[in-house]
Amino acid sequence: MRLLWIATKSPWPPADGGRLLLLESLKAISAAGAEISLVAPALPGEISAAAAALSPIARPILIPARRRSRSVALAMSLLGPRPWTLVRHDSAVLRAAVAGQVAAGRFDLVIAEQLQAFAQCAPAATAGIPVLLRAQNVESSLWRQAAAGRRGVARAMLARESRRLALAEGQAMRRAAATVALSREDAALLRALAPAANVELLPPPFPRELPARSSSFAGTPAVVLFGSADWEPNRLAEARFARLTWPRVRERLPGAVLHRFGGAPANDPSIERHPPLAESIEAFAAGSVMVIPLGIASGVRMRLLEAWARGVPVVASPAAAAGLEVEDGRELLLARSDEEQVTAIALLASDSVLRERLAQGGRARLAADHDPEQFARRWLALCAGIGVRGEPAR
């Protein structure tokens, strides 16, 4: 099977959860025998290294294209009907690259990785090639959650964006041959947006076991937090943890050190900032604890899956754990407040038996729900079931 995959960013380096999801998916499907051509924008300085890393699993067509600036996209969105995030990712250069691939090759199916990539697939749809949309999350739900936490003009603008995205998601799903959701919650929300659309549930793949980094982090315990610059609710949640929760952790555990990957610098000697990752293994050390304090989320947190695979225990908010079939104390510790986060971190710092139980529980969950071979079989079966006109074969 020959697949043309269209993404909003190169999966290499896997510096965030979206890139990691795409990378692991390409690995699994390629290993199952599919031929994949990947069209994605990339920073000019990263194209050579990314192409070398991706070549064993796909034919990379990496385009030196940048997203529109936030301000320009906002102005265009305010003056037109399209949502801000779709305007920002819209790219004539990428569409031209897709058109060139469609004209030169023969593909069985085109995959749009996220709603923002769907418009770039127009040349394939025009040529009669079915398009499958994978929704890494439900965009309208994310913006609706963000609006609920704001007031005044900001609340109104975020709610407006949510409504626009809901319309765009519904339109895209009706045009797509099928839409793949990552979780039961996302699948239900997507079906409500387009009841007639074909929505399939397919959790993301991840290996059951990966090694941790060879050296440990400073701190007793070392606490790991991933920073985010692209999605404001993530950035605010991480900043809040560093500003409000972390001092309380230090009161309880004076030897603790927070290792923050990405995000803003901090004038605190107990917070060590690391640059964005080229190799994700560098963020997962034996003896450390990972915290995911998100208040707004959709889809599945890939860094949580990676922590399971590398044997690092996780303290997560209910929002961060949503979309996963987890139980508090079995695969992770749930923390609903600052005090619960502090208590959970302190508990993991002192209880090696609990740490081992969570490691085993996480890996068991990976084997049950996220096995790469099972994912690839289901993905290729779905692709094979899509007819030449883009309708699911019955």
Has the stretch 24-47 got any residue that is of a type in the set (S, T, N, Q) and within 21 Å of residue 283 (Cβ to Cβ)? yes
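Residues are listed down the side, and each one gets a yes or a no for (1) touching a helix residue (DSSP H, G or I) at 6+ places or on another chain (Cβ under 8 Å); (2) open to solvent by 50 Å² or more (accessible area, probe 1.4 Å):
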{"site": "302", "(1), (2)": "yes, no"}
{"site": "321", "(1), (2)": "yes, no"}
{"site": "340", "(1), (2)": "no, yes"}
{"site": "347", "(1), (2)": "yes, yes"}
{"site": "352", "(1), (2)": "no, yes"}
Cβ pairs under 8 Å, 6+ apart, first in the stretch 145-166 and without any contact (Cβ under 8 Å) to a residue 24 or more places away in the chain, second open to solvent by 70 Å² or more (accessible area, probe 1.4 Å) and not in a helix (DSSP H, G or I): 158/150
Is the stretch 297-317 home to any residue that is more than 30 Å from residue 129 (Cα to Cα), of a type in the set (S, T, N, Q) and out of contact with any strand residue (DSSP E or B) (no Cβ under 9 Å at 6 or more places or on another chain)? no
Could you give me the residue pairs with C-beta distances under 9 Å whose first residue belongs to the stretch 17-37 and is on the phi > 0 side of the Ramachandran plot, whose second residue is among the hydrophobic types (A, V, I, L, M, F, W, C) and open to solvent by less than 20 Å² (accessible area, probe 1.4 Å) wherever it lies, and which are 6+ apart or on separate chains? 33/376
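Just checking, which of 319, 297 is part of a helix (DSSP H, G or I) and under 26 Å from residue 360 (Cβ atoms)?
Step by step, each of 319, 297 is checked, and only 319 is part of a helix (DSSP H, G or I) and under 26 Å from residue 360 (Cβ atoms).
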From the list 336, 365, 357, which one is open to solvent by 40 Å² or more (accessible area, probe 1.4 Å), assigned to a loop (DSSP other than H, G, I, E, B) and free of Cβ contacts under 8 Å to residues at least 60 places away in the same chain? 336
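State yes or no: is residue 161 within 19 Å of residue 200 (Cβ to Cβ) and surrounded by 17 or more Cβ atoms within 10 Å (Cβ to Cβ)? Talk me through it step by step, then tell me what you get.
Working: within 19 Å of residue 200 (Cβ to Cβ): no; surrounded by 17 or more Cβ atoms within 10 Å (Cβ to Cβ): yes.
Considered against the rule, which asks whether it is within 19 Å of residue 200 (Cβ to Cβ) and surrounded by 17 or more Cβ atoms within 10 Å (Cβ to Cβ), residue 161 comes out as no.
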Run down 306, 238 and say which single residue is acidic (Asp, Glu) and either open to solvent by 20 Å² or more (accessible area, probe 1.4 Å) or modelled with pLDDT under 90 (or both). 238
For residue 245, all conditions in the list (1) among the hydroxyl-bearing types (Ser, Thr, Tyr); (2) open to solvent by 60 Å² or more (accessible area, probe 1.4 Å); (3) touching a residue at least 40 places away in the same chain (Cβ under 8 Å) hold save one; what is the number of the exception? (2)
Segments classed as strands (runs of 3 or more DSSP E), wholly inside the stretch 178-241, with at least 1 members that are free of Cβ contacts under 8 Å to residues at least 40 places away in the same chain and either in contact with an Asp or Glu (Cβ under 9 Å, 6 or more places away or on another chain) or within 20 Å of residue 316 (Cα to Cα) (or both): 199-201
I need a count of the residues in the stretch 6-17 that are open to solvent by less than 30 Å² (accessible area, probe 1.4 Å) and either of a type in the set (Val, Ile, Thr) or in contact with a strand residue (DSSP E or B) (Cβ under 8 Å, 6 or more places away or on another chain) (or both). 5
Evaluation of residue 45 against (1) free of Cβ contacts under 8 Å to residues at least 24 places away in the same chain; (2) under 21 Å from the mean Cα position of the chain (by Cα) (one fails), failing number: (2)
Determine whether the stretch 129-136 contains at least one residue that is closer than 29 Å to residue 232 by Cβ and open to solvent by 30 Å² or more (accessible area, probe 1.4 Å). no
Please verify whether the stretch 279-290 includes one or more residues that are open to solvent by 20 Å² or more (accessible area, probe 1.4 Å) and either aliphatic (A, V, I, L, M) or within 19 Å of residue 248 (Cβ to Cβ) (or both). yes
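The values are calculated or read from the model by the stated rules, or taken from the named source; none is laboratory data. Note that the structure is predicted; figures quoted are calculated from it, not measured. Cβ coordinates were reconstructed from backbone atoms using ideal geometry, including for glycine residues, and neighbour counts include every protein chain displayed. Areas reflect the complete protein model, heavy atoms only, side chains present, ligands, DNA and RNA absent. Shrake-Rupley method; radii C 1.70, N 1.55, O 1.52, S 1.80 Å.
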